[in-house]
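Structure, as structure tokens:
The values are calculated or read from the model by the stated rules, or taken from the named source; none is laboratory data. Since this is a predicted model, take the numbers as computed values, not measurements. Here the Cβ positions follow ideal geometry from the backbone for every residue, glycine too, while neighbour counts run over all protein chains shown. Note: accessible area is taken over every heavy atom of the protein model, side chains too, but ligands, DNA and RNA are not part of it. Shrake-Rupley method; radii C 1.70, N 1.55, O 1.52, S 1.80 Å.
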Amino acid sequence: MSVRVRRIYDPPESDDGLRVLVDRLWPRGLAKDAARIDEWPKGLTPSSELRTWYHGGGSYDEFRARYEAELDAPEAAELLDGLRKSAHEGPVTLLTASKRPEQSHATVLAELLKG
């Protein structure tokens, strides 16, 4: 299973496979046709309240725990299962505008998909 996290601002690569935007908001300054997005499952993104809390100075460990709890909700769990099936079929690239993808929800998703 190949799942990786990349910044949405990086140019698409031939081995990206399924390109999935995992941010709730569209990235600033990026044209939709240039992004080459295959899916945008907004139901997998952190809630606005959680995102605001984290960017307001919340710890990554607490953010991760709260986000994983949000992913247990029926809609998010169903979307996560669908993405997991896609990852078994071929490469999946999770795209985020985060300046630090390694400490973002995209990394949490990637780790959950890999199991």
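Observations, loosely collected:
- Percent of beta bridges antiparallel (DSSP, the chain, rounded to nearest 5): 0
- By the rule of a C-alpha distance below 18 Å, with chain neighbours fewer than 8 residues away ignored, the lysines paired with residue 42 are 32, 85.
- Spread of Cα-to-Cα distances over 10 Å intervals beginning at zero, given as percent, for the chain: 14, 50, 32, 5
- Computed P(r) (all Cα pairs; the stretch 1-64; 5 Å bins; percent): 3, 15, 23, 21, 19, 12, 7, 0
- Sequence of 37, 8 from largest to smallest accessible area, 1.4 Å probe: 37, 8
- Among the GluC sites (Glu not before Pro) in the stretch 13-115, those located in a DSSP loop and surrounded by at most 12 other Cβ atoms within 10 Å of their own Cβ are 13.
- Residues considered: 47, 98, 14. Largest GNM mean-square fluctuation over the chain, using C-alpha springs under 10 Å, is found at 14.
- Residue 4 contributes about 70 Å² of solvent-accessible surface, heavy atoms of the protein only, 1.4 Å probe.
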